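Q: Got a structure for you, written out below as structure tokens; questions coming shortly.
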Amino acid sequence: MSKKYVYFFGAGKAEGSADMKELLGGKGANLAEMTNLGIPVPPGFTITTEVCTYYYRNDHRYPEGLEEQVNEALARVEEIMGQKFGDPENPLLVSVRSGARVSMPGMMDTVLNLGLNDETVQGLIRQTGNERFAYDSYRRFVQMYGDVVLGLKPEAKDERDPFEEILDRKK
């Protein structure tokens, strides 16, 4: 078995605890602890800080076994939520939040609504009955992904957001 890189929390049980901040980061350790205390926390999982260290020390590659562990944890979330990631009828949407061993408020990036695409947004419309909400959620996802993952953001504070420029040209 490969080294454990993914720690699950949900349904009242967590694989981590508050004393694991070095391994799970502050957010991950606190989510695990809240789950262990019985506080209602949506199910999820934390990828260890060791993965980040490995990634930067190994030419931007992930450790062996990580993908399988993520897929297993995602399947557990799907089972608890009764939704499936990528399912156009009943899509599971997830938030990806970065965390560090020490608290750095406002410094870490987040991507919300991962799982929305041209097909799953239709399922969200059917589920909510609110087309505007669904498309606004999708737009926000695309904008966050562009900013956080692709680096599509103004280089200076006085520059306009390139995503907003694209939207204006399409109007």
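Just so it is clear, none of the values below were taken in a lab; they were calculated from the coordinates. Predicted model only: the values in this text are computed from it and were never measured. A quick note on method: Cβ atoms are made from the backbone with ideal geometry, for glycine too, and the neighbour counts reach across all protein chains shown.
Q: Calculate log10 I(q)/I(0) of the range 1-82 for q = 0.15 Å⁻¹, where I(q) comes from the Debye formula with a single equal point scatterer on each Cα and nothing for solvent.
A: Values, matching the q order: -0.53.
Q: Quick one: compute the contact order of the chain, relative version, from alpha carbon pairs under 8 angstrom and 6+ residues apart, as a percent.
A: Taking the mean separation of contacting Cα pairs over the length of the chain, I get 16 percent.
Q: Excluding residues on the same chain fewer than 8 positions from Lys13, give the lysines whose Cα lies under 18 Å from its Cα.
A: Those lysines meeting the cut-off are Lys4, Lys21, Lys27.
Q: Still on this structure, please answer the following. Report, in deg cm²/dmol and to the nearest 500, the calculated mean residue ellipticity at 222 nm for the chain, where each DSSP H run with n ≥ 4 adds -39500 (n - 2.57) and the sum is divided by the residue count.
A: When only DSSP H runs of four or more count, the value is -14000 deg cm²/dmol.
Q: Okay, moving on. Count charges around Gly151 for me, please; just the other residues with Cβ under 14 Å from its Cβ, Lys/Arg as +1, Asp/Glu as -1.
A: -4
Q: Something else about it: Indicate the gyration tensor shape class of the chain (rounded, prolate or oblate), computed on the Cα atoms with a ≥ b ≥ c the square roots of the eigenvalues: a/c under 1.5 is rounded; otherwise a/b larger than b/c is prolate and the rest oblate.
A: oblate
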